[in-house]
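Structure first, commentary second.
The values are calculated or read from the model by the stated rules, or taken from the named source; none is laboratory data. For clarity, every value in this text was computed on a predicted model and none was experimentally measured. FYI the Cβ positions are ideal-geometry reconstructions off the backbone, even for glycines, and counts take in every protein chain you see. Each accessible area value is taken on the protein alone, full model and side chains, heavy atoms only, with ligands, DNA and RNA left out. Shrake-Rupley method; radii C 1.70, N 1.55, O 1.52, S 1.80 Å.
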Amino acid sequence: MKKYLILAIATAAAIGGIRLLPGLLTDPAVQVELIRVRQEEYAEHFSVSGTVESPTSRELIPDFPFVPGEVLVEEGDYVEYGQLIAVVGAEKTAKAIVSVAKEYADFLPEGFITPEVEDAIAQFGSERLSEQDELPLELRAPMSGVLTSVNLQEGQLYLPTAPAAAVSSVSSLRLRLSVPEEQVGSLMLGQEFTFTVPAVKDGLFSARITRISPNAVQQLNGMNYQTVVEVVARIDDDFGVLRPGYSVQASLAAGEEETLSLLPYEAVLRDEDGSDYVYVVQDGAAVKRVVETGRQLSTAVEITEGLGRYEAVVWDAAALPGECAVRLAGEGEE
């Protein structure tokens, strides 16, 4: 009797196990994670190039030719007003002037430079030269700031056809940008934007537009000319690392910001007919919902129609076999 009882219990357990087996082997509900649309401010941007400049600068242009005996500064150095920049080499200057006169003698009227004149100039030593008021023996900085150019080389004749040096103030820097004519209409005075500088690794700076030129100019861009408008902007904070002459790359907004409703690309699929859709969870099931999409950003796509702001959709839509029963991640677990 006991033997038959054990057999009956074992048979009943086996039958029950068979009935429960499908549920043990497979869960009909697919585990999913849900996500809602996020609201984000967005505006189209375009990039332009430009340079850092100083609104205050002075050029040093001596009105006499000379040969620097010593150049005491380099481009990029900071100088104080009146600081010594270069010392004139008096004897070298006299010899250089004679040499230039001889070089161009063929282009001058006959007898313009006589041997006697050449000898007199050649013997015009540093002592006599230093007595001449019109030829100072020192060049000094015209203002305090950064030397943005130095066109002097020791031992080489300087001719007053270009600035010997230029000094720019670093107390207040600004940007000068070249904006394509088709983009100028979207800019406004006071508009804030960000820019980067190759000379400052990982540096991000901000500025505000203070002037938009009323005129357009032709600018060489590669092999072609491009019509651009110059835009000036005040730098909010240079953190003491920017210098006049640095090149910049600025990102400007092409119009006003607007609020977008965004979903990650993982949540949006596309049918063979080209329509976009998501899976909305209703009563424990994933239901297909066709939506209209708009702008495509780097990590998300805009949803313009078909989905309410607070509706939740399946995050990894591609993992679903189609419309099916679903359960939330963590649901039913102990």
Over the stretch 205-218, the set of residues out of contact with any Ser or Thr (no Cβ under 6 Å at 6 or more places or on another chain) and either within 14 Å of residue 236 (Cα to Cα) or not polar (S, T, N, Q) (or both) is 205, 207, 208, 209, 210, 211, 212, 214, 217
In the set 323, 230, the lone residue that is free of Cβ contacts under 8 Å to residues at least 60 places away in the same chain and open to solvent by 80 Å² or more (accessible area, probe 1.4 Å) is 323
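Evaluate the stretch 310-331: report whether one residue or more is modelled with pLDDT of 90 or more and under 25 Å from residue 46 (Cβ atoms). Steps first, please.
Applying the first criterion (modelled with pLDDT of 90 or more) to the stretch 310-331 yields 311-327.
Then keep just the ones that are under 25 Å from residue 46 (Cβ atoms); that gives none.
Looking for residues that are modelled with pLDDT of 90 or more and under 25 Å from residue 46 (Cβ atoms), one finds none in the stretch 310-331, hence no.
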When the stretch 132-145 is checked residue by residue, the ones that are modelled with pLDDT of 50 or more and either more than 45 Å from the chain's Cα centre (by Cα) or assigned to a loop (DSSP other than H, G, I, E, B) (or both) are 134, 135, 136, 137, 141, 142, 143, 144
Restricted to the stretch 176-201 and to residues being within 17 Å of the chain's Cα centre (by Cα) and of a type in the set (D, E, K, R), the residue modelled with the highest pLDDT is 176
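Suppose we keep only residues that are of a type in the set (A, V, I, L, M, F, W, C) and free of Cβ contacts under 8 Å to residues at least 24 places away in the same chain within the stretch 163-197. Which one would you say is nearest to residue 67 (Cα to Cα)? First the steps, then the outcome.
Of the residues in the stretch 163-197, the ones of a type in the set (A, V, I, L, M, F, W, C) are 164-167, 170, 173, 175, 177, 179, 184, 187-189, 193, 195, 197.
In the following step, the residues that additionally are free of Cβ contacts under 8 Å to residues at least 24 places away in the same chain were identified as 188-189.
Values: 188: 50, 189: 48 Å.
Taking the candidates together, the pick is 189.
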For the stretch 70-94, pairs from a residue that is touching a residue at least 12 places away in the same chain (Cβ under 8 Å) and part of a strand (DSSP E or B) to a residue that is open to solvent by less than 30 Å² (accessible area, probe 1.4 Å) and among the aromatic types (Phe, Trp, Tyr), with Cβ under 6 Å and 6 or more apart or across chains, are 88/66
A careful count of residues in the stretch 41-97 that are at pLDDT 90 or above, polar (S, T, N, Q) and touching a helix residue (DSSP H, G or I) at 6+ places or on another chain (Cβ under 9 Å) gives 0
Practice item. Please verify whether the stretch 238-248 includes one or more residues that are surrounded by fewer than 18 Cβ atoms within 10 Å (Cβ to Cβ) and in contact (Cβ under 8 Å) with a residue 60 or more places away in the chain. Key: yes
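Considering only the stretch 230-248, I want to know if a residue exists there that is touching an Asp or Glu at 6+ places or on another chain (Cβ under 7 Å) and modelled with pLDDT under 95.
Initial filter on the stretch 230-248 (touching an Asp or Glu at 6+ places or on another chain (Cβ under 7 Å)): 244.
This time we only want the ones that are modelled with pLDDT under 95, so: 244.
Yes - at least one qualifying residue is present in the stretch 230-248.
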Apart from one, (1) of a type in the set (D, E, K, R); (2) open to solvent by 30 Å² or more (accessible area, probe 1.4 Å); (3) touching a strand residue (DSSP E or B) at 6+ places or on another chain (Cβ under 7 Å); (4) within 30 Å of residue 195 (Cβ to Cβ) all hold for residue 309; the odd one out is (4)
Scanning the stretch 134-162 residue by residue, the ones that are under 18 Å from residue 93 (Cα atoms), open to solvent by less than 30 Å² (accessible area, probe 1.4 Å), touching a strand residue (DSSP E or B) at 6+ places or on another chain (Cβ under 6 Å) and not hydroxyl-bearing (Ser, Thr, Tyr) total 2
